[in-house]
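*Asks:* For reference, the structure I am asking about is given below.
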Amino acid sequence: MNQIAEARKQKRSALDEQAGKALLAEYGVAVPKSAMVTGAGEVEQKTKSLKFPVVVKVMSPDILHKSDAGGVKVGLKSAAEVEAAIRTMMQQPMIAAARIDGFLVEELAPPGQEMVIGGLRDPQFGPLVMVGLGGIFVEVLADVSFRICPITRLDAQQMLAELKGAAILNGARGRKAVSQEAIVEVLLKVGGENGLLMQHAADIVEADINPLIVSESGAVAVDARFILS
Ligand code: ADP
Ligand code: MG
């Protein structure tokens, strides 16, 4: 709520990643522990309480797809590596040309299957919630399922079962099975009766958690974006 009011005050039409993650955390969705730094000089001091390896990401209202701009570096093992990554990022053309809010340094999520959870506001039906497998499944195969909010636990379970790639979640082809229960919980926190999309239906027109990384035992939202009405 604070995050939405703050973004409006700054005349922003979207919540940035940090604010989006703070909103998710308020609804009980796990997000990585993080620290924001304004530049390489602050890294040593501000990352003391983080567990390495970490990832660093550029934060800019002008950059929607951070990886495309060269603005995401994962698996950095020390403060010195983070500093070097930030210096390299600042030389990337798209980053050099953008307004920079800072750099988000965050702990790595436990490895797992990348999923996407999204939200949309339909003029007629109100909030809708979406889930899909991440990566190529979303981009190329468009393997997603939608429901009108609020969803029940059974709806969330059926949404997962409907995915063409559902077998992936059960550990197809030598992969480890991931926690479907953890995905269901996040779907309910986002699209359930007291979920984020219902509570903020007046403000949020689009939500995008991409990816949610789901391991054998849990799920962490490592990227989040909310577009405001
Ligand atoms: P963008 O989508 O803007 O390019 P992301 O924040 O989604 O940037 O990061 C790109 C990719 O980096 C993610 O899809 C994920 O694979 C990986 N990644 C990002 N943050 C983390 C994290 N905290 N832990 C593990 N992997 C991460
Ligand atoms: Mg992303």
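Any read-out appearing in this document is the output of simple, stated calculations on the displayed coordinates, not a laboratory observation. Just so it is clear, the model here is predicted, and its values are computed rather than measured. No Cβ is skipped: glycine too gets one built from the backbone with ideal geometry, and neighbour counts run over all protein chains shown.
*Asks:* Enumerate lysine pairs in the chain that are 8 or more residues apart or on different chains, then count those whose Cα atoms are under 13 Å apart.
*Replies:* 8
*Asks:* Cβ neighbours within 10 Å, averaged per peptide: list 52-63, 33-44 in order, most packed at the top.
*Replies:* Result, highest mean first: 52-63, 33-44.
*Asks:* Go ahead and set up a Gaussian network model of the chain, Cα springs under 10 Å, then flag whichever of L64, L154, L120 fluctuates most.
*Replies:* L154
*Asks:* Next question. Using the number of other C-beta atoms within 10 angstrom as an exposure proxy, rank H200, H65 with the fewest first.
*Replies:* H65, H200
*Asks:* How far is it, in nm, from the label point at A84 to the one at R8 when both lie 7 Å from their Cα along the line to the Cβ?
*Replies:* Going from the A84 label point to the R8 one covers 4.6 nm.
*Asks:* Would you calculate the separation in nanometres between label points at D62 and E162, each defined as 7 Å from the Cα along the Cα-to-beta-carbon direction?
*Replies:* The answer from the label model is 4.1 nm.
*Asks:* Determine the gain in length on full extension of the stretch R175-T152; use 0.36 nm per residue of separation and subtract their C-alpha separation, reporting nm with one decimal.
*Replies:* 5.4 nm
*Asks:* Also, quick follow-up: Given only helices, namely DSSP H runs of n ≥ 4 each adding -39500 (n - 2.57), what is the per-residue ellipticity at 222 nm of the chain, to the nearest 500 deg cm²/dmol?
*Replies:* -8000 deg cm²/dmol
*Asks:* Using amide H atoms built in the peptide plane, which far-off residues or other-chain residues are under 5 Å from S60 H to H?
*Replies:* Residues meeting the criterion, in which the H sits 1.01 Å from N, are D101.
*Asks:* Which of G165, G192, G119 moves the most in a Gaussian network model of the chain with Cα springs under 10 Å?
*Replies:* Looking only at G165, G192, G119, the biggest GNM fluctuation is shown by G165.
*Asks:* Hey, another quick one. Projected onto the charge dipole of the chain (+1 at Lys/Arg Cβ, -1 at Asp/Glu Cβ, origin at the Cα centre), which of N210, L128, V43 gives the Cα projection farthest towards the positive end?
*Replies:* With unit charges placed on the Cβ atoms, the residue in question is V43.
*Asks:* Give me the orientation-averaged projected area of the Cα convex hull of the range 40-160, in nm², one decimal.
*Replies:* 10.0
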